[in-house]
Amino acid sequence: MKSNLLKRFSAPLAVAILGGAGAFFTASMGSAKAFDERPAYRYVSQLDPCHQEDERCQTEQTIEICSYGSTQLFGKVDENNPNNNCNLPMWKVQD
């Protein structure tokens with residue numbers, strides 16, 4: 001009886017487990033962000049402490065810092081605040 005019950009439900013149980021695992025991995029791959037690309041800024045002077053540059057930078061740490069020439073670029077913690085300092089380290093977008 002026990003052997004018959006195991007044979008009877010093993011195939012549907014395996015299908016359910018594989019289906020659940022596939023759905024989980026598909027959903028988790030779709031929600032993952034590749035990176036958080038944001039505007040990057042450099043310090044120029046007291047009058048222009050956050051000068052925006054056209055460089056592709058992200059907040060996710062990679063092997064290389066984001067720079068403009070030899071100057072390191074930073075990001076704003078809150079882009080909506082005009083009085084915000086540019087002190088968020090930025091990293092190069094890896095292609």
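The values are calculated or read from the model by the stated rules, or taken from the named source; none is laboratory data. Here the structure is a predicted model, which means the values were calculated and not measured. Heads up, the Cβs are rebuilt from the backbone with ideal geometry, glycines too, and the neighbour counts pull from every protein chain shown. All accessible areas refer to the heavy atoms of the entire protein, side chains included, with ligands and DNA or RNA removed. Shrake-Rupley method; radii C 1.70, N 1.55, O 1.52, S 1.80 Å.
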Counted residues, the range 61-79 - those being outside any loop (DSSP other than H, G, I, E, B), surrounded by 15 or more Cβ atoms within 10 Å (Cβ to Cβ) and either under 20 Å from the mean Cα position of the chain (by Cα) or of a type in the set (Lys, Arg) (or both): 4
Of all residues in the range 80-91 being part of a loop (DSSP other than H, G, I, E, B) and open to solvent by 70 Å² or more (accessible area, probe 1.4 Å), which is modelled with the highest pLDDT? Asn85
